[in-house]
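The values are calculated or read from the model by the stated rules, or taken from the named source; none is laboratory data. The shown structure was predicted, so the numbers you read here are calculated from the model rather than taken from an experiment. When we count neighbours, we look across all protein chains shown, and the Cβ atoms used for this are built from the backbone with ideal geometry, even at glycine. Surface areas here come from the heavy atoms of the whole protein model, side chains and all, with no ligands, DNA or RNA. Shrake-Rupley method; radii C 1.70, N 1.55, O 1.52, S 1.80 Å.
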Amino acid sequence: MTAPAAGHDEQYALLLVEDDDGDALLVEELLHDTDLPHSVTRCRTAADARRTLESGPVDCVLLDLHLPDAAGVETVHAIQSDTHAAIIVLTGLDEARTGVDALAAGAQDYLVKGKVDAELMQRAVRYAVQRKQAERANAALQIGRLRAEENARLERGLLPEPLLSTTAVTVSSRYYPGRAQALLGGDFLDVVQTDDGQVHAVVGDVSGHGPDAAALGVCLRIAWRALTLGGHRDQELLHLLEQIHIAERAGSDLFTTCALITLDPAAATLTLHLAGHHEPLMTTPDGTRQVSAAHGIALGIAPGLGHWPATTLALPAEGALIAYTDGLIEGFADATGARLGVDGLVRIIDTLRAPDPGTHLDELVARTRALNADRHTDDLAVLRLDWKTGASGRTAGVGRTWS
């Protein structure tokens with residue numbers, strides 16, 4: 001091993017793969033004459049080199065193309081599959097073409113034996129390591145771009161544009177994945193209006209996190225929209241959603257809670273079906289309260305045995321319904337470790353005075369997240385439906401906040 005040069009903080013871990021003792025000695029002497037702080041490990045075969053690369057990090061491999069167990073460009077392929085290190089191939093005087101082929105195969109540079117001095121060796125190692133680092137950074141950036149595109153597609157699937165044509169009802173929503181830079185979770189929202197003027201909404205939460213839960217959430221959300229627009233309702237709709245849940249889930253332990261909401265402005269009624277989901281909140285000029293409603297089990301818990309009774313309520317002339325997933329209430333409420341819960345959420349809502357529904361949701365989510373201080377990291381989705389039953393009508397471009 002060669003000691004690092006004095007006065008330098010950086011240290012290059014080099015692997016010399018050379019079966020010829022004379023050529024190996026020349027390379028080591030060249031490195032010794034450079035100002036490059038380094039350590040050198042020597043191997044005689046590609047197999048030995050692969051074992052060494054597995055045992056610890058290496059910055060640069062100095063690779064002879066004629067080894068007992070590998071020859072030519074295939075030597076580069078044999079080595080680079082086991083390492084993120086830069087590769088500099090060592091060629092003979094009559095092998096310039098082989099060196100170029102090695103670059104095409106993934107090596108960062110090539111040096112011709114007998115034509116290298118200390119300065120060239122030092123520059124080649126430094127530049128090769130820097131080029132390899134740049135290649136890896138570009139590859140990571142590309143992966144990040146692809147992941148961002150996948151996240152955007154998932155987001156469009158989980159949070160579609162509401163299909164509304166009435167001025168009697170407006171929609172606002174907010175969605176936050178539980179972990180920073182994570183894929184969107186399995187929470188999903190949707191709102192559609194059917195030809196009879198009824199407004200249908202769903203808020204759902206697939207158990208678990210990550211791409212499997214998100215993919216199932218997207219599938220259920222799309223299925224709900226298609227089935228609802230196709231005329232399926234209530235118990236029948238939930239049985240069909242459960243069948244889809246079972247067919248599409250990645251594991252038998254996944255289940256889905258959801259709340260189906262049907263708001264009929266003409267009849268001034270609100271109908272709820274709860275499948276393992278908590279009751280929504282209703283806000284009127286008199287304050288905010290939790291709606292009392294019947295419950296059924298979550299989808300996927302007991303396939304085929306579910307029963308989801310309907311709860312129908314009279315609709316106040318003016319008000320808002322807030323449906324949400326449990327990420328909004330399961331966070332911590334204070335330093336004692338107590339959970340926020342429904343009562344804590346209602347207390348926060350009663351202190352908010354924002355007249356705009358979207359701003360109201362922003363303030364609500366900001367308050368709950370500030371109290372939680374990132375100690376609980378479940379996904380969070382909240383949907384708000386505002387209505388004025390005296391303002392029924394049909395128009396395009398209804399105001400909404402959907403994010």
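Points to keep in mind about this one:
- A full extension of the chain between ASP33 and ALA268 corresponds to an added length of 75.7 nm, given 0.36 nm per residue minus the alpha carbon distance.
- If you sort ARG147, ARG174, ARG97, ARG225 by accessible surface, 1.4 Å probe, largest first, the order is ARG97, ARG147, ARG225, ARG174.
- Shape category assigned to the range 21-97 from the gyration tensor of Cα positions, a/c cut at 1.5: oblate
- Both numbers refer to the Cα atoms of the range 169-318; Rg and Dmax are 15.4, 45 Å.
- Taking the inverse of the mean reciprocal distance over all distinct Cα pairs, the Kirkwood hydrodynamic radius of the range 271-321 comes to 12.2 Å.
- Contour minus Cα-Cα distance for HIS84 and ALA294 (0.36 nm per residue): 69.8 nm
- Its Cα gyration tensor gives the chain an equivalent ellipsoid; the semi-axes, largest first and in whole Å, are 65, 22, 19.
- Normalised contact order of the range 253-403, rounded percent, pairs of Cα under 8 Å and 6 or more residues apart: 23
- Across all directions, the average flat footprint of the convex hull enclosing the Cα atoms of the range 209-256 is 3.1 nm².
- For the pair ASN138 and ALA317, label points projected 7 Å from Cα toward Cβ lie 6.8 nm apart.
- With every protein chain in place and a 1.4 angstrom probe, the accessible-area ranking of ARG44, ARG249, ARG145, largest first, reads ARG145, ARG44, ARG249.
- Rounded tilt (10° steps) of 211-229 against the dominant C-alpha axis of the chain: 30
- Helix 357-372 vs. the chain, principal-axis angle (Cα, 0 to 90°, nearest 10): 60
- Across the protein chains, with a 1.4 Å probe defining accessible surface, the residues ASP101, ASP264 rank ASP101, ASP264 from largest area downward.
- CD proxy at 222 nm, helix term only [per DSSP H run n ≥ 4: -39500 (n - 2.57); per residue of the chain; nearest 500]: -11500 deg cm²/dmol
- Rounded to 10°, Cα long-axis angle of helix 118-158 versus longest principal axis of the chain: 20
- Take every Cα pair under 8 Å whose residues are at least 6 apart in sequence, average their separation, divide by the length of the chain, and the relative contact order is 14 percent.
- A crude spin-label estimate for the pair LEU240 and GLU74, with each label 7 Å from Cα along the Cβ direction, gives 6.0 nm.
- Length gained when the stretch LEU146-ALA118 is fully extended (0.36 nm per residue, less Cα-Cα span): 5.9 nm
- Prolate/oblate/rounded call for the range 1-146, Cα gyration tensor, a/c under 1.5 rounded: rounded
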